[in-house]
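Below is one structure; the comments refer to it alone.
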Amino acid sequence: MPVEKKDFIYIHDKHGIEYPILIPYDDPIDELAHIILIKNNLPIYKEKELKLHLEEFIQARTTEYYEELSSALVSNAKENKLNLEEIIEDWEKLMGEEVVEFGEKRCASDEELFATAYHKLVHSPALETILQFEHMLSKTIRLKTDEKNNIMKSLSERQNEEMNNAVDRLEQDMTELKINELVAKHYETHSLLQGKLNSEIDTMKEAQRRQYREWIMQMLEENQANSSLPTPSSPNPAPLKEFVSQDSTSSRGHIDTPLLEESFTIHLGSQLKQMHNIRILSANVMELCSVEDNQEMSEPTPQLLQTALGLYSNDLTGLVLMTDNKIGSRLTQEFQEICQRTTEFHFPHIEEQLDKISDIAHQYFRNPHSDTTRNSNSELLQPGDFYITKHSNLEQVHVIFHMVTDDSLRGSNINSRHPVVLGLRHILKIACSNEVTSLTIPLLLQYDMTEEMTMSWCEKRAELVFKCVKGFMIEMASWGGSELKNLQFMLPQGISNTVFTSMTEMLPRIFKMSNPKVLK
Amino acid sequence: MIVEMSLQLLKHPQMQFGATTFFAKQHKGDTCGSNGLPLTPNSIIIVGRAQILKTFNCKYLCQYLDVIRGKHERTIVVSQYCGEPLVSCIEKRPFDWQEVRQIAFQCIGGLQVLHKKKIIHRTLSNENILLQANNEIKLFNYGLYHMSDAGSLVSFPILHVLYTAPEVFLNGLSNSIADPKCDIWSLGICLAELILNKLLWSSLKLGQRIRKVLSMLQASTSILEKIAREHNCLERYLSIPDDLKDLIEACLNVHPNKRPTCEELLIKPCFDSLKPKDMAEKNEDIYRPFQIFTLHEFYHWWQLAGGDVPQELKKQGLIRSTPPILSIPSLVLIEGTILGQDRNPATLYDPRIVKMPLDTLYQRFAHIPFQVFYPLIHSQSDIIEKSNPPPYDATGLPLIIKERDPEYQLHRVILLRRLLHGYPFTSDLIVDEAKKDIPPLLRGEIWAALLSVRSNYATEYMRIDKYTHTSTDRQIEVDIPRCHQYNELLSSSEGHKKLKRILKAWVYKNSQYVYWQGLDSLTAPFLFLNFNDEAKAFACLSNFVPKFLYNFFLKDNSAVIEEYLCKFSQLIAFHDPQLANHLRDINFYPQLFAIPWFLTLFSHVFPLYKILHLWDKLLLCDSSFPIHIGLSILTQLRDRLLTSGFNECILLFSDLPEVDIEKCVALSSCTYENTPKSITSREHENEVYHKKSNLDITGVSLNELKNELCPRISVRDVANILLKNPHKMLLIDIRNTRAYKRCSVVNSTHIPFSSVSFTENIIENVGRDSDLLKSKGEKIVVVVGDEETDLETFPKFLLQCNISKVCVLHGGFNKFLELPASLSIPCASVGDPSERQRN
């Protein structure tokens, strides 16, 4: 920070001028001379004389000013009154933190190397092979998971039966004690089996992950060795067919609901117009995450391809999910399960990411910060906070923003100062500074249908979100980051057609539609 | 041979540049400025502050060329970079005493220029002193401390450890004193290195280096001697001549106030031999020789030829990008605290310099003949003319392409800068060239020339009081942060400051007018083009307003605006009766949408890059051109307007849709040229630009005007067209038969007013001459009457029949009789009109 300025009074005896001047003086002295000339009704021929005099005055005061600032310092230092060691340490630290030359020498991390390798390969003819391989590996896990579920299910059934029998015989040879024992035993076997199966799956995932990463690096080497791109071979393509045939048994019912969606191109800005795509759709939000595993699919879906191409690019896709104040709470269970359905090859597994976030939060809350109004004892998050997880195995998204909400969202009286709306602004800001260029937001700030969602409630809520998001997007333009190219507003699945239409009619009233180009 | 010469020109050793990059400090959290608006990003402030550096043109300083803002606060500085840093010469070869004297002299010369402009180098070091092939030096990177506002806009410290004066370290990290004396110390260390021919303390670590610098404070003897001893070159020290020893000792005084200033250093005896002796050398400082082309132009061409600084930095590893998903934070709290995001090592300050490769430009320009750099302007000789290379042909290419064609821009810039050099004597030539197109690099100067800005503009501006508080200040301060803020220059704090000063100066100078919202937008293009020359921007504005917006800023401007809008309606009716009829039917009057258009000459509705192209043309026309622009916008939206009702129209214009500006310019110039001047003439025009006689339209009151749907035409225009292009005009005489028989214009059509039935809007009602009107094509229809005829109903009827280009002769038939001999048109008095028809 520049040091404060000082007031001086300029006095010119001959003409009786008194004028306050701040030293150091930054504005042109010519102009100052003229102002003084005008204020004191002096003739114009005095201009030169006055200017010279002023210049001298300002020069002298400025020298004086700096002298005052530094001479004390220098003489103190000379007399050893200053703690030089401390000063040296401060400077050393700052330089170390800010200047490459003195900073820690650091090589690219494994993460970065792998990212570069993957990004390169995925943008080469190897793409197809990679996706095939991923697809195959994920099928294995999915099958294993289904198997686990089946085993667990049959165990439960068996136990249920046993229990029913036992209860039936309660009057006869069974005592309550024995039943309790049975329950305990059941519980034990259940959790034992579950643990065993889970750990099997985890081991399998771990193995897959290692195998996959080695394979990628190896392929990159091959790729670099012979500049003509080889058709990479996946290590064990044989099992693939086997799986395909098996798959038909475990078909997953997919209900085809008519999709409600509408797209708009809007522009923001009064003179320079910035275009954005906006889409309103009504669907189950988890459809953006979960990968279709249709039995006939031996090929990965095209969305996955898109997601893979964008993973390490500067065009990330984000999704806002709603959760409560506990990190990794039950509300995120469904989402977590979707994440676990296949191996995460690039980032830590979801539990690991959530654990790490908890650690960070706890560590932060333990040290009370002066500028927060938080209850320092509480380690829970507050509405409007959000945590971020990153994923490579979801269908259409890379980054998830888990927004903390509470029951106040159900009310009809929230306004633009509601914490969740503020949180939304922060999300846009993080998106903007981290290259998330496509984002999905719940238009009603909720993904599930609830009974208070009347027509007027929905309209009010949607208007609030539209207007606030518009404001944030206008703000974003000045933040100097990446711009949001695609914005998706999501409505709960099964919302009525009338509500949907009312939303799509509202949007053009709030955002300026961009003109269609008409070819003539 | 000749071609090689031009390449030699381009390959001048000082025509080279490099780039450095750094990150500006991010604003913490969500703070707002005192005006409640979001804070300006620091990188924008830096861009604004750095502009002034581009104007420095001293032979001892590297020129600044550009500051580019990247994503996420990245800032790239492009500057001249040529020669070799002294640091790579030291220990390679010894410098003799005279060389050291000369380097010292030139460094001080450079520093003196900077200090006079209140710029502190702060990082002066032997790495930043570049030795040129001609043995002169240039200082490099002297602007970083200034553009970062004494380092407060960046997070890294701006200093070069070894060369930094001890008081800078003592001052601590947080406050930085902009005392020029720290540069003198740095100079002392640079010279010490040179003279001892040793890189000082090169093996020490960071902490030890700082300690060394601070240990100087305790030195009881000469600091230079102490340094010499520590580096085992006492012998060399002892052999140094006294004058040099004295110079360096003086610089290395630990008390900043006892260190001499640049001026004091320059009068030291050791420089006696270096001061300019002959007049020629002295004159060089007064008259700067005309440069064939400047480094700025060279850089401009390089960019056009495909040079891309950020790309080059990426290629050479100075901009490293890590995948963003790896560095995304993990937790964000409602207060805005971001957790779990590590500092990206790629954002640390790396002072490396990347030289820009120039080969593509050389190749692109390799075939350009030498003569191109010396265009002949006043040649009258065909022989010389023929020996010239054929002009570069870019005619017919769209403007956007022309502006991006390096070769075309080379020709244009070379030519126009020569012409500008001769301004004001070359004004006419500049206007002629500007009609072709205006090279973007010189647009500011060319505009000033087109607006006839006088050479004393700077003094005039300087004499205006821009400081004293006035009642409009508040409004100005509200408007400025909303004026073209997408533009980096205009949204920077420097830009805000300058805009405010210009507006205050305008208010001060034009006490007959009031400050009107929109004046800020009007000023924006001028400020943008003359960012480093506020006075010129002000002078342009001052000449622009009386020419194009005369009396628009009167306290009560309703009469002026009303008349203008009436003329706008009439022009629409003149060129596009169908649209005019539709707009009138739905009551969509220009008052509802066009006032901000004309009041700010479209600078409020278009982004800057469009305004520039629009005004390029406007400046060559008169104050009626804006009406034509308005018409051309309506024409572009014609289809939508014709199918829309009142509400849709209002909605459409509440936020003007995208308008193709090139089309807009072409359309408006077309109508401008094909419309007789008197059609758009107004009572409230500035008389300086529109002299009027009895042959022009005068004395039409606003109420009369409001009732007239079709414009009037002056007798002068009618006579001119009749004499030169009689086929372009259809004179319709609606006087009664008696008057017509007595005297009429030859070949005029007679449709007596009384013979037409106005009950329906059917053109056939005019009788046998209706076919003439229907098939008239682009002909102008002039309705001629006299005092006795109704001159509103008939033109209105024609308009409603969708007949275009209908106008009414001002003053009636008798005006023909006032025509001077040079403009007299054939009139005849014929007994039998039917007989004359046959002729």
Exercise. Would you be able to say whether some residue in the stretch A:406-419 is over 19 Å from residue A:279 (Cα atoms), at pLDDT 90 or above and facing another protein chain (nearest Cβ under 8 Å)?
Key: yes
Self-check item: Filter result for residue B:122 (assigned to a loop (DSSP other than H, G, I, E, B), within 14 Å of chain A (Cβ to nearest Cβ) and either surrounded by fewer than 19 Cβ atoms within 10 Å (Cβ to Cβ) or touching a residue at least 60 places away in the same chain (Cβ under 8 Å) (or both))
Solution: yes
Practice problem: Within the stretch B:125-135, track down each residue that is part of a loop (DSSP other than H, G, I, E, B) and in contact with a helix residue (DSSP H, G or I) (Cβ under 6 Å, 6 or more places away or on another chain). | Solution: B:125, B:126, B:127
Quiz item: Any chance the stretch B:539-557 includes a residue that's farther than 22 Å from residue B:625 by Cβ and in a helix (DSSP H, G or I)?
Solution: no
Quiz prompt | The listed residue being surrounded by fewer than 17 Cβ atoms within 10 Å (Cβ to Cβ) and basic (Lys, Arg), out of B:768, B:712, B:735, B:716 | solution = B:768
Exercise. Out of B:319, B:325, B:334, report the one residue that is within 30 Å of residue A:438 (Cα to Cα), touching a residue at least 24 places away in the same chain (Cβ under 8 Å) and touching a Leu at 6+ places or on another chain (Cβ under 8 Å).
Key: B:319
Practice problem: Quick one: which helices (runs of 4 or more DSSP H) lie wholly within the stretch B:418-470 and hold at least 1 residues that are within 14 Å of another protein chain (Cβ to nearest Cβ) and among the hydrophobic types (A, V, I, L, M, F, W, C)? | Solution: B:457-462
Exercise. May I ask you to list the residues in the stretch B:213-238 that are among the basic types (Lys, Arg) and in contact (Cβ under 8 Å) with a residue 12 or more places away in the chain?
Key: B:236
Quiz item: In the stretch B:276-283, is there at least one residue being at pLDDT below 85, under 40 Å from the mean Cα position of the chain (by Cα) and surrounded by 14 or more Cβ atoms within 10 Å (Cβ to Cβ)?
Solution: no
Quiz prompt | Qualifying positions in the stretch B:496-528 - crowded, with 21+ Cβ neighbours inside 10 Å and among the polar types (S, T, N, Q) | solution = B:521, B:523
Quiz item: Looking at this structure, is residue B:202 within 14 Å of chain A (Cβ to nearest Cβ), polar (S, T, N, Q) and either out of contact with any Cys (no Cβ under 8 Å at 6 or more places or on another chain) or touching a residue at least 12 places away in the same chain (Cβ under 8 Å) (or both)?
Solution: yes
Exercise. Output the residues belonging to the stretch B:26-67 that are under 19 Å from the mean Cα position of the chain (by Cα) and closer than 30 Å to residue B:134 by Cβ.
Key: B:50, B:51, B:52, B:53, B:54, B:55, B:56, B:64, B:65, B:66, B:67
Exercise. Might you check whether a residue that is without any contact (Cβ under 8 Å) to a residue 60 or more places away in the chain and either closer than 30 Å to residue A:123 by Cβ or not assigned by TED's automatic domain parsing to the domain that holds residue A:118 (or both) occurs anywhere in the stretch A:185-207?
Key: yes
Quiz item: Before we move on, is residue A:73 buried (at least 19 other Cβ atoms within 10 Å of the Cβ) and farther than 18 Å from residue B:216 by Cα?
Solution: no
Quiz item: Checking residue A:65 against (1) under 19 Å from residue B:343 (Cα atoms); (2) more than 7 Å from chain B (Cβ to nearest Cβ); (3) crowded, with 17+ Cβ neighbours inside 10 Å, which single condition isn't satisfied?
Solution: (1)
Quiz item: Restricting the search to the stretch B:14-48, which residues are at pLDDT 80 or above, within 11 Å of chain A (Cβ to nearest Cβ) and in a strand (DSSP E or B)?
Solution: B:22, B:23, B:24
Exercise. Please enumerate the residues belonging to the stretch A:348-382 that are part of a loop (DSSP other than H, G, I, E, B), modelled with pLDDT of 90 or more and within 8 Å of chain B (Cβ to nearest Cβ).
Key: none
Quiz prompt | Checklist (1) polar (S, T, N, Q); (2) free of Cβ contacts under 8 Å to residues at least 60 places away in the same chain; (3) assigned to a loop (DSSP other than H, G, I, E, B) applied to residue B:591, failing item | solution = (3)
Self-check item: Selected residue (only one of B:73, B:84, B:91 is farther than 27 Å from residue B:113 by Cβ, among the acidic types (Asp, Glu) and surrounded by fewer than 22 Cβ atoms within 10 Å (Cβ to Cβ))
Solution: B:91
Practice problem: Mind counting the residues in the stretch A:466-506 that are more than 18 Å from the chain's Cα centre (by Cα), touching a residue at least 40 places away in the same chain (Cβ under 8 Å) and more than 14 Å from chain B (Cβ to nearest Cβ)? | Solution: 16
Self-check item: Within the stretch B:161-192, considering residues that are β-branched (Val, Ile, Thr) and within 11 Å of chain A (Cβ to nearest Cβ), the one nearest to residue A:78 (Cα to Cα)
Solution: B:168
Exercise. Sort out which residues of the stretch A:390-405 are more than 8 Å from chain B (Cβ to nearest Cβ) and outside any loop (DSSP other than H, G, I, E, B), and write them in order of number.
Key: A:400, A:401, A:402, A:403, A:404
Self-check item: Count - residues of the stretch B:133-150 that are surrounded by fewer than 22 Cβ atoms within 10 Å (Cβ to Cβ) and either of a type in the set (Gly, Ala, Ser) or over 17 Å from residue B:56 (Cβ atoms) (or both)
Solution: 5
Exercise. Pairs only if they're at least six apart or on different chains, beta carbon under 8 angstrom, first in the stretch A:144-163 and over 30 Å from residue A:208 (Cα atoms), second loosely packed, with under 12 Cβ neighbours inside 10 Å; list them, first residue then second.
Key: none
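Here is a yes/no grid of residues against (1) of a type in the set (Val, Ile, Thr); (2) over 30 Å from residue A:514 (Cα atoms); (3) in a helix (DSSP H, G or I):
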residue: B:648; (1), (2), (3): no, no, yes
residue: B:669; (1), (2), (3): no, no, yes
residue: B:679; (1), (2), (3): yes, yes, yes
residue: B:683; (1), (2), (3): no, yes, no
residue: B:689; (1), (2), (3): no, yes, no
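Which members of the stretch A:68-111 meet the condition of being within 26 Å of residue B:154 (Cα to Cα), more than 7 Å from chain B (Cβ to nearest Cβ) and in a loop (DSSP other than H, G, I, E, B)?
Across the stretch A:68-111, the qualifying residues are A:101, A:104, A:105, A:107, A:108.
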Quiz item: In the stretch B:477-517, what count of residues is obtained for those that are within 13 Å of chain A (Cβ to nearest Cβ) and outside any helix (DSSP H, G or I)?
Solution: 6
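Considering the stretch B:210-224 alone, what residues qualify as being surrounded by fewer than 19 Cβ atoms within 10 Å (Cβ to Cβ) and of a type outside the set (Ser, Thr, Tyr)?
Matches in the stretch B:210-224: B:211, B:212, B:216, B:218, B:219.
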Exercise. Being more than 22 Å from residue B:104 (Cα to Cα), among the β-branched types (Val, Ile, Thr) and at pLDDT 90 or above is the filter here, so list the residues in the stretch B:201-243 that pass it.
Key: B:210
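The values are calculated or read from the model by the stated rules, or taken from the named source; none is laboratory data. Everything quoted here is computed from the prediction, not taken from an experiment. Neighbour counts run over all protein chains shown; Cβ positions are idealised from the backbone, glycine included.
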